[in-house]
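What follows is one structure encoded as structure tokens, with my remarks underneath.
The values are calculated or read from the model by the stated rules, or taken from the named source; none is laboratory data. Since this is a predicted model, take the numbers as computed values, not measurements. Glycine also receives a Cβ, built like all others from the backbone with ideal geometry; neighbour counts cover every protein chain displayed. To get the accessible areas, we keep the full protein, side chains included, count just its heavy atoms, and leave off ligands, DNA and RNA. Shrake-Rupley method; radii C 1.70, N 1.55, O 1.52, S 1.80 Å.
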Amino acid sequence: MDINRMARAFAPFETLAAQLIPYAADGDDGSHDIAHILRVFKNAMSIQAEEGGDARILAAAVLLHDCVSVEKNSPHRAQASRLAAEKASGILRELGWDGENIAAVAHAITTHSFSANIPPETLEARMLQDADRLDAIGMVGAARCFYIAGRLGSGLYDPFDPLATERPLDDKRFAIDHFETKLFKLADGFQTETGRRFAGERHERLKTVLAMFIEEI
């Protein structure tokens, strides 16, 4: 698809998006592709509309937060956001951004990741983390969970103990185990009031998805 056409979806930051989209999604992971970037952008702008902060810093951080791809099962997964922040800093430097704004974007990218486990210290960083985590819960979050499980060769569920009542949870083997090991925990960690409100709604949807899934098996 034409970059300028894609960039229009990131209004009012079309010009910035046209500059950064070529770097936005690294690799072939369909759970971290340009569609994910756009969903996170929409989440972020919805949160920023109520919380305030620098929307341009936030938009740049959204566009570049996954510019380095590290698979979920890689031993280097916890370093992904730091590597993305370093790459993003270089990209923005080449575009003429000043050091203070580059540092703000880099901090937001570094701290957005669940795996990195680094607290966000700025409003923009908190909003990016919330916007990204919203895409991990709700209907889309469930779809991404199953997509990633298939990508990594996991089964959907243990047919003899789907809810792990008599075995340890193992989300490397079974997709629905990931609901309990991670996805159901995300709603408690949101950083902004707006993000928490959105997360509560999506958390309920996620619970419904699992309940309907269990009912059908």
**Request:** Give the residue, chosen from Ser46, Ser69, that is under 24 Å from Phe198 (Cβ atoms) and of a type in the set (Ser, Thr, Tyr).
**Result:** Ser46
**Message:** On the basis of being assigned to a helix (DSSP H, G or I) and of a type outside the set (D, E, K, R), does Gly200 make the cut?
**Reply:** yes
**Item:** Hits in the range 133-172 (condition: among the charged types (D, E, K, R) and in contact (Cβ under 8 Å) with a residue 12 or more places away in the chain)
**Value:** Arg133, Asp135, Arg144, Arg151, Asp158, Asp171, Lys172
**Cβ pairs under 7 Å, 6+ apart, first in the range 85-108 and closer than 20 Å to Pro22 by Cα, second among the basic types (Lys, Arg)** = Ile102/Arg93
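Yes/no matrix, rows are residues, columns are (1) in contact with a His (Cβ under 7 Å, 6 or more places away or on another chain); (2) more than 23 Å from Leu123 (Cβ to Cβ); (3) open to solvent by less than 50 Å² (accessible area, probe 1.4 Å); (4) small (Gly, Ala, Ser):
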position	(1), (2), (3), (4)
Arg173	no, yes, no, no
Ile176	no, yes, yes, no
Glu180	no, yes, no, no
Gly189	no, no, yes, yes
Glu193	no, no, no, no
Arg202	no, no, no, no
Arg205	no, yes, no, no
Leu210	no, yes, yes, no
Phe213	no, yes, yes, no
**Message:** With the structure loaded, tell me whether Glu124 is modelled with pLDDT of 95 or more and either surrounded by fewer than 20 Cβ atoms within 10 Å (Cβ to Cβ) or small (Gly, Ala, Ser) (or both) or whether it fails that test.
**Reply:** no
**Asked** Taking the range 22-32 on its own, how many of its residues are surrounded by 17 or more Cβ atoms within 10 Å (Cβ to Cβ) and not aliphatic (A, V, I, L, M)?
**Response** 5
**Asked** In the range 14-51, how many are farther than 29 Å from Ala142 by Cβ and over 19 Å from the mean Cα position of the chain (by Cα)?
**Response** 5
